[in-house]
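Scroll down for the structure; my scribbles are underneath it.
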Amino acid sequence: MNASNHVRIVEVGPRDGLQNEKAMLPAAVKVDLIDRLSATGLQTIEATSFVSPKWVPQLADAAEVFAAIRKAPGVVYPVLVPNLQGYERALAVGATEVAVFTAASEAFNQKNINASIDASIDRFVPVMERARADGVAVRGYVSTVLGCPYQGEVPVADVVRVAKRLHDLGCHEVSLGDTIGVGTPAKARAMLRAVAAEVPMAALAVHFHDTYGQALANILACLEEGVRVVDSAVSGTGGCPYARGATGNVASEDVVYMLHGMGMATGVDLDRLIDTGAWLAAQLGKDTASRVTRARTAA
């Protein structure tokens with residue numbers, strides 16, 4: 001059990017959130033979003049993704065956005081890269097941290113990126129090698145850790161194997177993602193405990209989608225196990241294009257409200273975060289998914 005009361009929020013709204021939103025936002029709005037998030041006290045803001053624009057049209061402006069954001073002192077702005085080509089594009093605009101991704105489900109990997117788990121990892125081994133030489137930190141994502149839209153149950157042993165492989169390859173942090181939001185607290189706790197037996201807890205993060213309304217409960221169960229890094233998206237943006245009915249990430253405002261209510265420290269100004277979430281929902285032309293923001297902004 002981790003006795004520290006500080007939790008680092010990894011804000012994934014500008015990347016994981018926006019990439020699955022139907023409303024296309026101009027680059028200037030994305031820059032404004034990240035700058036607003038930088039002013040809330042967040043330490044880690046995932047800025048964009050250097051994947052093929054064909055696959056993620058919303059983030060086709062990755063280089064333009066990353067170059068334009070104000071880099072606040074003490075804030076890290078990781079970007080997602082699928083391969084060496086994406087890594088080189090990210091490096092060209094000054095990225096100092098990148099993220100690579102795979103899934104714990106063979107079926108999901110095949111449907112998502114047309115490759116096996118092992119083949120998907122082989123694809124980013126050159127990225128890891130280059131990043132090590134360049135002094136660039138690498139974060140690893142493992143999706144479908146608590147269920148897959150195609151194969152259903154995902155064996156915990158597969159989650160452990162993939163997370164350990166990413167850590168062994170040099171990922172300083174491995175984020176465990178419940179992509180379709182089917183997990184419940186006991187399963188989330190058991191999965192995290194199994195992974196933490198092979199990968200240090202300090203190198204693990206949790207990433208929950210709120211499809212079934214379980215995200216905060218799952219986060220609490222994992223906090224009790226000792227995890228101290230939580231991924232979330234302002235306004236609860238996002239979803240998963242490969243998972244029917246999968247809603248967005250857990251809302252950052254709701255996570256911060258819960259943590260502060262528990263006496264945990266985040267360094268985040270909740271009022272500013274709520275303002276940013278409400279502003280983003282207006283930009284997207286939709287209601288916020290954050291219960292806290294709804295409560296605080298109700299007429």
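Some points to look at:
- In region 196-212, the residues that are touching a strand residue (DSSP E or B) at 6+ places or on another chain (Cβ under 9 Å) and either crowded, with 24+ Cβ neighbours inside 10 Å or not aliphatic (A, V, I, L, M) (or both): VAL206, HIS207, PHE208, HIS209, ASP210, THR211
- Single residue of region 285-297 satisfying the filter (of a type outside the set (Ser, Thr, Tyr) and crowded, with 19+ Cβ neighbours inside 10 Å) that is nearest to ASP254 (Cα to Cα): VAL292
- Failed condition for GLY277, given (1) part of a strand (DSSP E or B); (2) of a type outside the set (A, V, I, L, M); (3) touching a Ser or Thr at 6+ places or on another chain (Cβ under 7 Å): (1)
- Candidate set: region 253-269, residues that are part of a helix (DSSP H, G or I) and touching a Lys or Arg at 6+ places or on another chain (Cβ under 9 Å); chosen: the one surrounded by the fewest Cβ atoms within 10 Å (Cβ to Cβ): TYR257
- Restricting VAL51, VAL98 to residues that are in a loop (DSSP other than H, G, I, E, B), touching a Gly at 6+ places or on another chain (Cβ under 9 Å) and surrounded by 15 or more Cβ atoms within 10 Å (Cβ to Cβ) narrows the list to VAL51.
- When each of VAL65, VAL127 is tested for being over 16 Å from the mean Cα position of the chain (by Cα), surrounded by 20 or more Cβ atoms within 10 Å (Cβ to Cβ) and more than 29 Å from THR276 (Cα to Cα), the lone residue that passes is VAL127.
- Meets criteria (assigned to a helix (DSSP H, G or I) and of a type outside the set (Phe, Trp, Tyr)) for LEU42: no
- Flag if GLY183 is among the small types (Gly, Ala, Ser), under 17 Å from the mean Cα position of the chain (by Cα) and modelled with pLDDT of 95 or more: yes
The values are calculated or read from the model by the stated rules, or taken from the named source; none is laboratory data. Keep in mind the model is a prediction, meaning the values are calculated, not measured. Glycine gets a Cβ as well: all are built from the backbone with ideal geometry, and neighbour counts include every protein chain shown.
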